[in-house]
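Please read the structure below before turning to the comments.
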Amino acid sequence: METVKLSETQKKSRRGRNIALGLVLAGLVALFYVVTLIKFGGGMAH
Amino acid sequence: MTLIDNHEAVGMEGAPRLSEASARDYFELLKPRVMSLVVFTAFAGLVLAPGSINPFIGFIAILCIAIGAGASGALNMWYDADIDAVMSRTAKRPIPAGKILPQEALGFGLTLSAFSVIILGLAVNWLAAGLLAFTIFFYVVIYTMWLKRSTPQNIVIGGAAGAFPPMIGWACVTGGVSVESIVLFLIIFLWTPAHFWALALFKMGDYGAVGVPMMPNVCGEATTKRQIVVYALLTALSGICPTLLGFASLGYGAFATVLGLGFVWYSLAVLRMPEGDKRMLPAKKLFAFSIAYLFAIFSALLVDYVIAQVWLNAGGII
(Lines give C-alpha, C1' and ligand atoms only; values in the text may rest on other atoms or scores of the structure.)
Protein backbone atom coordinates (compact mmCIF):
# COMPACT_ATOMS: atom_id res chain seq x y z
CA MET A 1 0.00 0.00 0.00
CA GLU A 2 1.27 3.46 -0.81
CA THR A 3 -0.07 6.95 -0.54
CA VAL A 4 -0.17 9.74 -3.08
CA LYS A 5 -1.04 13.39 -2.92
CA LEU A 6 -3.69 14.49 -5.37
CA SER A 7 -2.94 17.47 -7.56
CA GLU A 8 -5.38 20.38 -7.59
CA THR A 9 -6.71 19.28 -11.01
CA GLN A 10 -7.31 15.75 -9.74
CA LYS A 11 -9.06 17.03 -6.62
CA LYS A 12 -11.24 19.36 -8.68
CA SER A 13 -12.23 16.70 -11.21
CA ARG A 14 -12.94 14.17 -8.44
CA ARG A 15 -15.15 16.68 -6.66
CA GLY A 16 -17.01 17.33 -9.91
CA ARG A 17 -17.55 13.60 -10.50
CA ASN A 18 -18.72 13.10 -6.92
CA ILE A 19 -21.25 15.93 -7.18
CA ALA A 20 -22.55 14.55 -10.49
CA LEU A 21 -22.86 11.05 -9.02
CA GLY A 22 -24.61 12.44 -5.94
CA LEU A 23 -27.11 14.28 -8.10
CA VAL A 24 -27.75 11.13 -10.17
CA LEU A 25 -28.34 9.05 -7.03
CA ALA A 26 -30.65 11.70 -5.56
CA GLY A 27 -32.50 11.79 -8.89
CA LEU A 28 -32.89 7.99 -8.83
CA VAL A 29 -34.32 8.12 -5.30
CA ALA A 30 -36.84 10.76 -6.37
CA LEU A 31 -37.63 8.82 -9.55
CA PHE A 32 -38.36 5.56 -7.71
CA TYR A 33 -40.40 7.43 -5.10
CA VAL A 34 -42.65 9.06 -7.70
CA VAL A 35 -42.95 5.84 -9.75
CA THR A 36 -44.02 3.99 -6.61
CA LEU A 37 -46.68 6.62 -5.91
CA ILE A 38 -47.96 6.39 -9.49
CA LYS A 39 -47.89 2.59 -9.69
CA PHE A 40 -49.32 1.83 -6.25
CA GLY A 41 -50.98 5.12 -5.35
CA GLY A 42 -54.36 4.07 -6.72
CA GLY A 43 -54.18 0.64 -5.09
CA MET A 44 -53.28 2.03 -1.68
CA ALA A 45 -56.17 4.45 -1.80
CA HIS A 46 -58.50 1.46 -1.97
CA MET B 1 -4.14 12.32 0.64
CA THR B 2 -5.54 9.23 -1.04
CA LEU B 3 -4.88 5.54 -0.57
CA ILE B 4 -4.45 3.66 -3.81
CA ASP B 5 -3.84 0.10 -4.95
CA ASN B 6 -0.56 -0.40 -6.73
CA HIS B 7 -2.24 -1.61 -9.92
CA GLU B 8 -1.16 -0.79 -13.42
CA ALA B 9 -3.33 1.02 -15.94
CA VAL B 10 -3.19 0.62 -19.72
CA GLY B 11 -0.52 2.84 -21.18
CA MET B 12 0.66 3.87 -17.70
CA GLU B 13 2.54 0.71 -16.71
CA GLY B 14 4.40 1.13 -13.47
CA ALA B 15 2.76 4.44 -12.54
CA PRO B 16 -0.46 4.73 -10.56
CA ARG B 17 -3.05 6.56 -12.66
CA LEU B 18 -5.45 9.00 -11.09
CA SER B 19 -8.32 10.22 -13.19
CA GLU B 20 -8.68 13.86 -14.16
CA ALA B 21 -11.89 13.17 -16.09
CA SER B 22 -14.73 15.56 -15.40
CA ALA B 23 -18.43 14.75 -15.31
CA ARG B 24 -18.63 16.47 -18.71
CA ASP B 25 -16.14 13.98 -20.17
CA TYR B 26 -18.41 11.14 -19.07
CA PHE B 27 -21.38 12.96 -20.57
CA GLU B 28 -19.44 13.19 -23.86
CA LEU B 29 -19.17 9.37 -23.82
CA LEU B 30 -22.95 9.28 -24.26
CA LYS B 31 -22.73 10.97 -27.71
CA PRO B 32 -25.16 13.75 -26.75
CA ARG B 33 -25.83 14.87 -30.33
CA VAL B 34 -26.89 11.38 -31.40
CA MET B 35 -28.88 11.16 -28.17
CA SER B 36 -30.88 14.27 -29.09
CA LEU B 37 -32.12 12.58 -32.27
CA VAL B 38 -32.94 9.42 -30.31
CA VAL B 39 -34.87 11.42 -27.70
CA PHE B 40 -36.81 13.26 -30.37
CA THR B 41 -37.78 10.19 -32.43
CA ALA B 42 -38.62 8.16 -29.30
CA PHE B 43 -40.79 11.04 -28.09
CA ALA B 44 -42.55 11.09 -31.46
CA GLY B 45 -43.25 7.34 -31.22
CA LEU B 46 -44.57 7.78 -27.68
CA VAL B 47 -46.89 10.66 -28.60
CA LEU B 48 -48.18 9.16 -31.87
CA ALA B 49 -49.04 5.80 -30.30
CA PRO B 50 -52.73 5.20 -29.62
CA GLY B 51 -53.63 5.22 -25.94
CA SER B 52 -52.25 7.21 -23.08
CA ILE B 53 -49.39 7.11 -20.63
CA ASN B 54 -48.88 8.92 -17.34
CA PRO B 55 -46.73 11.98 -18.20
CA PHE B 56 -44.11 11.14 -15.55
CA ILE B 57 -43.93 7.50 -16.70
CA GLY B 58 -43.60 8.87 -20.25
CA PHE B 59 -40.72 11.08 -19.07
CA ILE B 60 -39.00 8.07 -17.49
CA ALA B 61 -39.50 6.11 -20.71
CA ILE B 62 -37.76 8.82 -22.77
CA LEU B 63 -35.03 9.15 -20.13
CA CYS B 64 -34.36 5.39 -20.17
CA ILE B 65 -34.29 5.27 -23.97
CA ALA B 66 -31.88 8.24 -24.01
CA ILE B 67 -29.61 6.70 -21.36
CA GLY B 68 -29.70 3.32 -23.13
CA ALA B 69 -28.72 4.99 -26.41
CA GLY B 70 -25.99 6.92 -24.59
CA ALA B 71 -24.72 3.73 -22.96
CA SER B 72 -24.42 2.05 -26.34
CA GLY B 73 -22.48 5.14 -27.52
CA ALA B 74 -20.07 4.73 -24.58
CA LEU B 75 -19.61 1.03 -25.39
CA ASN B 76 -19.03 1.96 -29.04
CA MET B 77 -16.33 4.45 -27.97
CA TRP B 78 -14.75 1.79 -25.74
CA TYR B 79 -14.52 -0.71 -28.60
CA ASP B 80 -13.56 1.79 -31.30
CA ALA B 81 -10.98 3.76 -29.29
CA ASP B 82 -8.18 2.53 -31.57
CA ILE B 83 -9.72 3.87 -34.78
CA ASP B 84 -11.24 6.95 -33.09
CA ALA B 85 -7.68 8.05 -32.22
CA VAL B 86 -6.72 8.10 -35.92
CA MET B 87 -9.81 9.76 -37.43
CA SER B 88 -9.97 13.58 -37.33
CA ARG B 89 -13.71 13.56 -36.58
CA THR B 90 -13.31 11.38 -33.48
CA ALA B 91 -9.76 12.05 -32.23
CA LYS B 92 -10.99 14.42 -29.51
CA ARG B 93 -13.38 11.91 -27.95
CA PRO B 94 -12.68 11.29 -24.24
CA ILE B 95 -10.83 7.96 -24.65
CA PRO B 96 -8.43 8.88 -27.49
CA ALA B 97 -7.93 12.28 -25.81
CA GLY B 98 -6.65 10.37 -22.75
CA LYS B 99 -9.29 11.72 -20.36
CA ILE B 100 -11.06 8.42 -19.70
CA LEU B 101 -9.55 4.92 -19.76
CA PRO B 102 -11.19 2.31 -22.03
CA GLN B 103 -12.09 0.08 -19.07
CA GLU B 104 -13.74 3.04 -17.32
CA ALA B 105 -15.88 3.65 -20.42
CA LEU B 106 -16.71 -0.08 -20.55
CA GLY B 107 -17.88 -0.11 -16.93
CA PHE B 108 -19.82 3.13 -17.42
CA GLY B 109 -21.54 1.81 -20.56
CA LEU B 110 -22.44 -1.58 -19.09
CA THR B 111 -23.79 -0.02 -15.88
CA LEU B 112 -25.95 2.49 -17.72
CA SER B 113 -27.18 -0.20 -20.14
CA ALA B 114 -28.32 -2.42 -17.28
CA PHE B 115 -29.92 0.45 -15.35
CA SER B 116 -31.78 1.89 -18.35
CA VAL B 117 -33.22 -1.49 -19.38
CA ILE B 118 -34.22 -2.57 -15.86
CA ILE B 119 -35.80 0.79 -14.95
CA LEU B 120 -37.70 0.88 -18.27
CA GLY B 121 -38.99 -2.64 -17.57
CA LEU B 122 -39.99 -1.90 -13.98
CA ALA B 123 -41.53 1.51 -14.61
CA VAL B 124 -43.05 1.07 -18.08
CA ASN B 125 -43.23 -2.41 -19.61
CA TRP B 126 -40.93 -5.31 -20.39
CA LEU B 127 -41.56 -5.37 -24.16
CA ALA B 128 -40.17 -1.82 -24.41
CA ALA B 129 -37.30 -2.83 -22.11
CA GLY B 130 -36.60 -5.89 -24.28
CA LEU B 131 -36.54 -3.73 -27.42
CA LEU B 132 -34.15 -1.30 -25.71
CA ALA B 133 -31.87 -4.16 -24.64
CA PHE B 134 -31.94 -5.55 -28.18
CA THR B 135 -31.12 -2.09 -29.59
CA ILE B 136 -28.08 -1.75 -27.32
CA PHE B 137 -26.97 -5.31 -28.20
CA PHE B 138 -27.51 -4.66 -31.92
CA TYR B 139 -25.55 -1.40 -31.91
CA VAL B 140 -22.65 -2.63 -29.79
CA VAL B 141 -22.24 -6.27 -30.82
CA ILE B 142 -23.79 -6.58 -34.28
CA TYR B 143 -22.79 -3.16 -35.65
CA THR B 144 -19.71 -2.00 -33.73
CA MET B 145 -17.96 -5.31 -33.07
CA TRP B 146 -18.99 -7.24 -36.17
CA LEU B 147 -20.32 -5.31 -39.18
CA LYS B 148 -18.46 -2.00 -38.93
CA ARG B 149 -15.04 -3.44 -39.72
CA SER B 150 -16.14 -6.28 -41.98
CA THR B 151 -18.61 -5.14 -44.66
CA PRO B 152 -19.53 -2.01 -46.68
CA GLN B 153 -23.15 -2.82 -45.77
CA ASN B 154 -22.22 -2.01 -42.14
CA ILE B 155 -24.37 1.08 -41.76
CA VAL B 156 -27.24 -0.34 -43.84
CA ILE B 157 -27.79 -3.21 -41.40
CA GLY B 158 -26.45 -1.31 -38.39
CA GLY B 159 -28.88 1.49 -39.14
CA ALA B 160 -31.57 -0.64 -37.53
CA ALA B 161 -30.13 0.30 -34.12
CA GLY B 162 -30.83 3.98 -34.74
CA ALA B 163 -34.29 3.19 -36.11
CA PHE B 164 -35.61 1.41 -33.01
CA PRO B 165 -36.22 4.42 -30.67
CA PRO B 166 -39.64 5.46 -32.10
CA MET B 167 -40.68 1.80 -32.01
CA ILE B 168 -39.63 1.61 -28.35
CA GLY B 169 -41.52 4.84 -27.61
CA TRP B 170 -44.59 3.33 -29.29
CA ALA B 171 -44.20 0.08 -27.32
CA CYS B 172 -44.01 2.09 -24.07
CA VAL B 173 -47.62 3.21 -24.62
CA THR B 174 -49.20 0.26 -26.41
CA GLY B 175 -47.13 -2.62 -25.03
CA GLY B 176 -46.86 -3.91 -28.59
CA VAL B 177 -45.48 -3.45 -32.09
CA SER B 178 -47.74 -2.43 -34.98
CA VAL B 179 -47.59 -1.48 -38.67
CA GLU B 180 -47.45 2.22 -37.72
CA SER B 181 -44.42 1.75 -35.48
CA ILE B 182 -42.75 -0.34 -38.18
CA VAL B 183 -43.27 2.56 -40.63
CA LEU B 184 -41.56 4.94 -38.17
CA PHE B 185 -38.74 2.40 -37.93
CA LEU B 186 -38.51 2.16 -41.73
CA ILE B 187 -38.25 5.94 -42.23
CA ILE B 188 -35.08 6.07 -40.12
CA PHE B 189 -33.75 2.72 -41.36
CA LEU B 190 -33.98 3.75 -45.04
CA TRP B 191 -32.69 7.27 -44.28
CA THR B 192 -29.48 6.04 -42.62
CA PRO B 193 -27.48 4.88 -45.71
CA ALA B 194 -27.86 8.16 -47.64
CA HIS B 195 -27.03 10.12 -44.47
CA PHE B 196 -23.91 8.13 -43.58
CA TRP B 197 -22.61 7.60 -47.11
CA ALA B 198 -22.75 11.37 -47.69
CA LEU B 199 -20.46 11.66 -44.64
CA ALA B 200 -18.35 8.71 -45.80
CA LEU B 201 -17.76 10.43 -49.15
CA PHE B 202 -16.18 13.55 -47.67
CA LYS B 203 -14.45 11.59 -44.88
CA MET B 204 -13.20 8.86 -47.24
CA GLY B 205 -9.57 9.50 -46.32
CA ASP B 206 -10.30 9.07 -42.61
CA TYR B 207 -12.16 5.80 -43.06
CA GLY B 208 -9.49 4.54 -45.49
CA ALA B 209 -6.72 5.32 -42.98
CA VAL B 210 -8.29 3.14 -40.28
CA GLY B 211 -9.43 0.36 -42.62
CA VAL B 212 -13.17 0.71 -42.00
CA PRO B 213 -14.76 -0.67 -45.19
CA MET B 214 -17.23 2.13 -45.91
CA MET B 215 -19.05 1.95 -49.24
CA PRO B 216 -16.99 4.70 -51.03
CA ASN B 217 -13.69 3.07 -49.98
CA VAL B 218 -14.71 -0.45 -51.03
CA CYS B 219 -17.02 0.02 -54.04
CA GLY B 220 -15.91 3.46 -55.21
CA GLU B 221 -17.54 6.86 -55.40
CA ALA B 222 -19.75 6.14 -58.43
CA THR B 223 -21.46 3.08 -56.88
CA THR B 224 -21.92 4.92 -53.58
CA LYS B 225 -23.53 7.91 -55.31
CA ARG B 226 -25.97 5.68 -57.22
CA GLN B 227 -26.92 3.83 -54.04
CA ILE B 228 -27.39 7.15 -52.21
CA VAL B 229 -30.00 8.12 -54.83
CA VAL B 230 -31.79 4.77 -54.46
CA TYR B 231 -31.95 5.09 -50.66
CA ALA B 232 -33.02 8.75 -50.91
CA LEU B 233 -35.93 7.64 -53.13
CA LEU B 234 -36.86 4.86 -50.69
CA THR B 235 -36.66 7.33 -47.78
CA ALA B 236 -38.91 9.79 -49.62
CA LEU B 237 -41.45 7.01 -50.24
CA SER B 238 -41.35 5.79 -46.63
CA GLY B 239 -41.83 9.40 -45.51
CA ILE B 240 -45.29 9.54 -47.13
CA CYS B 241 -46.33 6.07 -45.86
CA PRO B 242 -48.00 7.52 -42.72
CA THR B 243 -50.50 9.27 -45.01
CA LEU B 244 -50.89 6.26 -47.33
CA LEU B 245 -51.60 4.04 -44.31
CA GLY B 246 -54.04 6.55 -42.85
CA PHE B 247 -52.34 7.61 -39.63
CA ALA B 248 -51.33 11.06 -40.89
CA SER B 249 -53.25 13.70 -42.84
CA LEU B 250 -53.02 14.72 -46.49
CA GLY B 251 -51.34 17.93 -45.31
CA TYR B 252 -48.56 15.89 -43.73
CA GLY B 253 -48.37 13.81 -46.91
CA ALA B 254 -47.89 16.94 -49.05
CA PHE B 255 -45.21 18.25 -46.68
CA ALA B 256 -43.40 14.88 -46.63
CA THR B 257 -43.54 14.72 -50.44
CA VAL B 258 -41.87 18.14 -50.74
CA LEU B 259 -39.22 17.16 -48.17
CA GLY B 260 -38.67 13.83 -49.92
CA LEU B 261 -38.24 15.57 -53.27
CA GLY B 262 -35.67 17.82 -51.60
CA PHE B 263 -33.83 14.76 -50.29
CA VAL B 264 -33.79 13.19 -53.77
CA TRP B 265 -32.73 16.51 -55.33
CA TYR B 266 -29.73 16.80 -52.99
CA SER B 267 -28.83 13.15 -53.66
CA LEU B 268 -28.95 13.81 -57.43
CA ALA B 269 -26.55 16.73 -56.89
CA VAL B 270 -24.19 14.24 -55.22
CA LEU B 271 -24.62 11.88 -58.21
CA ARG B 272 -23.59 14.72 -60.55
CA MET B 273 -20.55 15.57 -58.40
CA PRO B 274 -17.35 15.00 -60.45
CA GLU B 275 -15.25 11.94 -59.52
CA GLY B 276 -12.38 12.92 -57.24
CA ASP B 277 -13.97 16.26 -56.22
CA LYS B 278 -11.93 17.33 -53.19
CA ARG B 279 -14.37 19.79 -51.64
CA MET B 280 -17.39 17.47 -51.95
CA LEU B 281 -19.77 20.35 -51.32
CA PRO B 282 -22.89 18.49 -52.59
CA ALA B 283 -22.12 15.58 -50.21
CA LYS B 284 -21.74 17.99 -47.30
CA LYS B 285 -25.04 19.66 -48.24
CA LEU B 286 -26.80 16.30 -48.45
CA PHE B 287 -25.43 15.33 -45.04
CA ALA B 288 -26.74 18.58 -43.51
CA PHE B 289 -30.09 18.28 -45.30
CA SER B 290 -30.52 14.66 -44.20
CA ILE B 291 -30.38 15.69 -40.53
CA ALA B 292 -32.88 18.49 -41.15
CA TYR B 293 -35.07 16.04 -43.11
CA LEU B 294 -35.41 13.58 -40.24
CA PHE B 295 -36.14 16.30 -37.69
CA ALA B 296 -38.67 17.87 -40.07
CA ILE B 297 -40.48 14.58 -40.83
CA PHE B 298 -40.90 13.66 -37.18
CA SER B 299 -41.80 17.25 -36.26
CA ALA B 300 -44.44 17.23 -39.02
CA LEU B 301 -45.89 13.97 -37.69
CA LEU B 302 -46.12 15.50 -34.22
CA VAL B 303 -47.69 18.74 -35.47
CA ASP B 304 -50.12 16.75 -37.61
CA TYR B 305 -51.10 14.67 -34.58
CA VAL B 306 -51.63 17.74 -32.38
CA ILE B 307 -53.78 19.42 -35.04
CA ALA B 308 -55.86 16.24 -35.41
CA GLN B 309 -56.39 16.06 -31.63
CA VAL B 310 -57.40 19.72 -31.41
CA TRP B 311 -59.79 19.21 -34.32
CA LEU B 312 -61.32 16.11 -32.72
CA ASN B 313 -61.72 17.83 -29.35
CA ALA B 314 -63.41 20.72 -31.11
CA GLY B 315 -65.93 18.25 -32.49
CA GLY B 316 -64.73 18.36 -36.07
CA ILE B 317 -64.66 15.50 -38.51
CA ILE B 318 -61.45 14.50 -40.26
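The values are calculated or read from the model by the stated rules, or taken from the named source; none is laboratory data. Note that the structure is a prediction, hence the values are computed from the model and not measured. Ideal geometry is used to build each Cβ from the backbone, glycine not excepted, and the neighbour counts take in all protein chains shown. To get the accessible areas, we keep the full protein, side chains included, count just its heavy atoms, and leave off ligands, DNA and RNA. Shrake-Rupley method; radii C 1.70, N 1.55, O 1.52, S 1.80 Å.
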Does at least one position in the stretch B:83-94 carry a residue that is in contact with a Pro (Cβ under 9 Å, 6 or more places away or on another chain) and without any contact (Cβ under 8 Å) to a residue 12 or more places away in the chain?
yes
If you go through the stretch B:75-91 one residue at a time, do you hit one that is away from chain A (no Cβ under 14 Å) and more than 22 Å from B:P32 (Cβ to Cβ)?
yes
Among the residues of the stretch B:235-277, what is the count of those that are within 12 Å of B:V183 (Cα to Cα) and not in a loop (DSSP other than H, G, I, E, B)?
9
Within the stretch B:220-252, which residues are open to solvent by less than 60 Å² (accessible area, probe 1.4 Å), touching a residue at least 60 places away in the same chain (Cβ under 8 Å) and of a type outside the set (F, W, Y)?
B:P242, B:S249
Just to be sure, is B:L106 at pLDDT 95 or above and within 14 Å of chain A (Cβ to nearest Cβ)?
no
Quick test of your reading of the structure: B:P213 fulfils all but one of (1) assigned to a helix (DSSP H, G or I); (2) farther than 24 Å from B:G70 by Cβ. Name the failing condition by number.
(1)
Give the stretch A:1-29 a look and list any residue that's more than 7 Å from every other protein chain (Cβ to nearest Cβ) and outside any helix (DSSP H, G or I), or say none.
A:S7
Any residue at all in the stretch B:117-137 that is polar (S, T, N, Q) and over 21 Å from B:I188 (Cβ atoms)?
yes
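Please verify whether B:T174 is crowded, with 23+ Cβ neighbours inside 10 Å and among the hydroxyl-bearing types (S, T, Y), treating the condition exactly as stated.
The answer is no for B:T174.
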Just give me the residues in the stretch B:284-318 being assigned to a helix (DSSP H, G or I), open to solvent by 70 Å² or more (accessible area, probe 1.4 Å) and aliphatic (A, V, I, L, M), in sequence order.
B:V303, B:V306, B:I307, B:V310, B:L312
